[in-house]
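Quick notes on the structure that follows.
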Amino acid sequence: MKLEARGLSIGYGRRLVGRDLDLEVAPGQIVCLLGPNGCGKTTLFRTLLGLIPALGGEALLGGAPLRRLARAEIARRISYVPQAHAPPFPYEALEIVMMGRTARLGRFAQPGPGDRTAACAEMERLGIADLAHRDYSRLSGGQRQLVLIARALAQQAPLIVMDEPTASLDFGNQSLVLGEIGKLAHAASRDGQGVILSTHNPDHAFALGAEVVLMHDGAIHRRGRPEAALTAASLSEVYGVPVMVERTPSGRHVCLPGPGA
Amino acid sequence: MSRGLPLPRLTLGLALVAALVALSLAALTIGPFPLSVPEALAALFGAGEPQSQLVVQNIRLPRVVAALLVGAALAAAGASYQTLFRNPLVSPDILGVSAGAGLGAVIGIFLSLPVAFIQLFAFAGGMAAVLLVMLVASAVRNTDHVLALVLTGVVIGALAGAATSLLKVLADPYDQLPAITFWLLGSLASTTTTDILPALPAVALGLVPLFLLRWRINVLALGDDEARALGVEAGRIRFTVIAAATLVTASVTAVAGVVGWVGLVIPHIGRMLVGPSFARLLPVSAALGAGYLLVVDTLARTIGEVEVPLGILTAVIGAPFFVWLLARGRRGWS
């Protein structure tokens, strides 16, 4: 299952946020979307999920135009991990994960034992089985994010979209969630699942070894391997502050505010 | 650690049903013509003294059934709306159904129409108000749809309230005005079997889709974007829930008048007992609402020389309870 954007224009109503975007998430691929606030990352994701209509061009899912697909058909093909949030009512974490099974249920059906098993298995896989009966709204940000990732996994879709899964998390939780995403993305990649995620931290793209798409002002500025796309020059231009990219003695890349910043 | 009482589901269900049966039986015995439980039971099944039979079958039974029906309907509609609008402060009248029903009934009383027409007007007024809200809200394109619905509900409710006030000013102060005031506070004092019969199927018709869609309504509590990403046609489900809850609320408002607070407070008690999951919250809220209104209505007809309007009692009981909920100050309102 391939997710494609062809000459896609995105935005809300008459307000254009980005135009002529070409993008592809192929099976087994991990794509990392980077760019400053307001560059159109979330708008692009909402368009690719069919939550808002494209203003031009086309979004294709497995070759079929997204706008022709019913919500349940899209949900069986793409799962979505939003930023950690709290619903107004104290659902159990397991209930939140089971909601990932909705697209596989009949309109009037309830999730059954099979769905429960699937949900528990995904929580197990992320090491959060002990949270199953805890109140989701009282979990830490990192735990909630993992619950939402488990929900996306329970959806068993060939594509996963994650919108800034590490934003609004503290340092420890960022590492925790990023570590899980790394394991998951590589497992997904082996199974032929495609993953596209956005992040504010260019280090994450290096850490994940993901294919990079660097957005700027509603257009794609650079793309490719992190080492090629995320250079001091491109990052400085996009983020508007001097940025240095350094290699640590252990061989990892880190991005730092440059001299003069 | 997240749930309130760790009662098994079956035990809780049986306990609620047993409590409802016991309360109903008690309500049949209580009144100016007191009966023992065996006497009430005998009268209910057509045995015993003719006078007891008359009291039980013609006066008390319709009231008991009406109280159960009205309470269950309002609490179920309230639970649905709180989940749908993701807000624990929402009551079934948020989209103007009570204001519309009130205006309809007041028009009927103002025109000195027979009771059946007053009820019909109330039902039609409630349905029309919500239909108008939905039409106006869908015409407002540049804001969040749920926000547009709620704000339009407030506007239409205020307009209907203004029209109701105008009719109260114009109404005959000796005959019509007391009837209007009494109706707007809600009462089952004059409820007969013929009042309940049309409301029963309407309430049942409204509760069926709420029950069938219970899992999807649950998912909608995560918000539109997430629900849609999980495969739920959010707009269509919301429309169905609003239509069903409005049908239910308008039907019982036509019978009982405007009874506030039940749909707001009862779902909170439901969440304390079984948590927020809608599949459990809906039936538990309906059962609690039925029992609660039966108790309140029995109080209404026994505590004073004259009947106390239901709306006054539900407010007197509901308001302090709500303050207590606020004071507990827990996020999530469980």
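Entry remark, region A:101-150: residues being within 14 Å of chain B (Cβ to nearest Cβ), assigned to a helix (DSSP H, G or I) and surrounded by fewer than 18 Cβ atoms within 10 Å (Cβ to Cβ) number 3 in total.
Per-residue answers, yes or no, for (1) β-branched (V, I, T); (2) within 18 Å of B:A202 (Cβ to Cβ):
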| site | (1), (2) |
| --- | --- |
| B:A77 | no, yes |
| B:A105 | no, yes |
| B:I109 | yes, no |
| B:S112 | no, no |
| B:L120 | no, yes |
| B:M127 | no, yes |
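When region A:228-249 is filtered for residues that are farther than 16 Å from A:A210 by Cβ and in contact with a helix residue (DSSP H, G or I) (Cβ under 7 Å, 6 or more places away or on another chain), the ones remaining, listed by number, are A:P242, A:V243, A:M244. Would region A:5-19 turn up any residue that is within 14 Å of chain B (Cβ to nearest Cβ), open to solvent by less than 10 Å² (accessible area, probe 1.4 Å) and aliphatic (A, V, I, L, M)? No, region A:5-19 contains no residue that is within 14 Å of chain B (Cβ to nearest Cβ), open to solvent by less than 10 Å² (accessible area, probe 1.4 Å) and aliphatic (A, V, I, L, M). Counting only helices (runs of 4 or more DSSP H) that sit wholly inside region A:151-260, those with at least 1 residues that are open to solvent by 40 Å² or more (accessible area, probe 1.4 Å) and closer than 21 Å to A:H85 by Cα are A:171-190. Regarding B:F121, is this residue over 19 Å from the mean Cα position of the chain (by Cα), open to solvent by 60 Å² or more (accessible area, probe 1.4 Å) and aromatic (F, W, Y)? Answer is no for this residue. Against the criterion of being surrounded by fewer than 21 Cβ atoms within 10 Å (Cβ to Cβ), away from chain A (no Cβ under 14 Å) and not hydrophobic (A, V, I, L, M, F, W, C), B:P309 does not qualify.
Yes or no, residue by residue, for (1) small (G, A, S); (2) farther than 30 Å from B:P267 by Cα:
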{"position": "A:P113", "(1), (2)": "no, no"}
{"position": "A:T117", "(1), (2)": "no, no"}
{"position": "A:A121", "(1), (2)": "yes, yes"}
{"position": "A:A129", "(1), (2)": "yes, no"}
{"position": "A:A132", "(1), (2)": "yes, no"}
{"position": "A:R151", "(1), (2)": "no, no"}
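Conditions (1) small (G, A, S); (2) within 23 Å of B:G13 (Cβ to Cβ), marked per residue:
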site	(1), (2)
B:G223	yes, no
B:L230	no, no
B:T249	no, no
B:L282	no, yes
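I'd like the full set of residues that are out of contact with any Ser or Thr (no Cβ under 9 Å at 6 or more places or on another chain), open to solvent by 10 Å² or more (accessible area, probe 1.4 Å) and at pLDDT 95 or above, limited to region A:78-97. Within region A:78-97, just A:Y80 meets the criteria. Taking the listed residues A:D135, A:D130, the one that is at pLDDT below 95 and either over 25 Å from A:G194 (Cα atoms) or more than 21 Å from the chain's Cα centre (by Cα) (or both) is A:D135, with no other qualifying.
Per the conditions (1) within 14 Å of chain A (Cβ to nearest Cβ); (2) outside any helix (DSSP H, G or I); (3) among the β-branched types (V, I, T), the sole criterion not satisfied by B:V258 is (1).
Just one of the listed residues (B:L264, B:L273) is part of a helix (DSSP H, G or I), farther than 23 Å from B:D195 by Cβ, more than 14 Å from chain A (Cβ to nearest Cβ) and open to solvent by 10 Å² or more (accessible area, probe 1.4 Å), and it is B:L264. Please tell me if B:S91 is touching a helix residue (DSSP H, G or I) at 6+ places or on another chain (Cβ under 8 Å), under 19 Å from B:A163 (Cβ atoms) and surrounded by fewer than 24 Cβ atoms within 10 Å (Cβ to Cβ). Taking the combined requirement at face value, the residue does not satisfy it. Among residues of region B:177-221 being without any contact (Cβ under 8 Å) to a residue 40 or more places away in the chain and buried (at least 17 other Cβ atoms within 10 Å of the Cβ), the one that is farthest from the other protein chains (Cβ to nearest Cβ) is B:L177. In summary, B:Y174 fulfils each of the numbered conditions (1) more than 24 Å from B:L68 (Cα to Cα); (2) surrounded by 20 or more Cβ atoms within 10 Å (Cβ to Cβ) with the single exception of condition (2).
For (1) in a helix (DSSP H, G or I); (2) away from chain A (no Cβ under 14 Å), each residue gets a yes or a no:
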site: B:A75; (1), (2): yes, yes
site: B:S80; (1), (2): yes, no
site: B:L89; (1), (2): no, no
site: B:I94; (1), (2): yes, yes
site: B:L103; (1), (2): yes, yes
site: B:F121; (1), (2): yes, yes
site: B:G126; (1), (2): yes, yes
site: B:L131; (1), (2): yes, yes
site: B:M134; (1), (2): yes, yes
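Checking the stated criteria, B:L247 turns out not to satisfy the condition of being touching a Pro at 6+ places or on another chain (Cβ under 9 Å), more than 9 Å from chain A (Cβ to nearest Cβ) and either open to solvent by 10 Å² or more (accessible area, probe 1.4 Å) or among the β-branched types (V, I, T) (or both). The one condition from (1) more than 16 Å from A:V161 (Cα to Cα); (2) in contact (Cβ under 8 Å) with a residue 24 or more places away in the chain that A:I74 does not meet is (1). If you check B:A19, B:A66 for being in contact with a helix residue (DSSP H, G or I) (Cβ under 8 Å, 6 or more places away or on another chain), surrounded by 19 or more Cβ atoms within 10 Å (Cβ to Cβ) and not basic (K, R), only one passes: B:A66. Of the residues making up region B:45-63, those that are assigned to a helix (DSSP H, G or I), open to solvent by 50 Å² or more (accessible area, probe 1.4 Å) and farther than 19 Å from B:A300 by Cα are B:P50, B:Q51, B:L54, B:Q57. Tell me, yes or no, whether region A:51-64 has at least one residue that is under 17 Å from the mean Cα position of the chain (by Cα), at the interface with chain B (Cβ under 8 Å from one of its Cβ atoms), part of a loop (DSSP other than H, G, I, E, B) and surrounded by fewer than 23 Cβ atoms within 10 Å (Cβ to Cβ). Yes: one or more hits.
The values are calculated or read from the model by the stated rules, or taken from the named source; none is laboratory data. Since the model is a prediction, treat every value here as computed from it, not as a measurement. Positions of Cβ are backbone-derived with ideal geometry, glycine not excepted, and every protein chain shown enters the neighbour counts. Quick note on the areas: whole protein, heavy atoms, side chains included, nothing else; ligands and nucleic acids left out. Shrake-Rupley method; radii C 1.70, N 1.55, O 1.52, S 1.80 Å.
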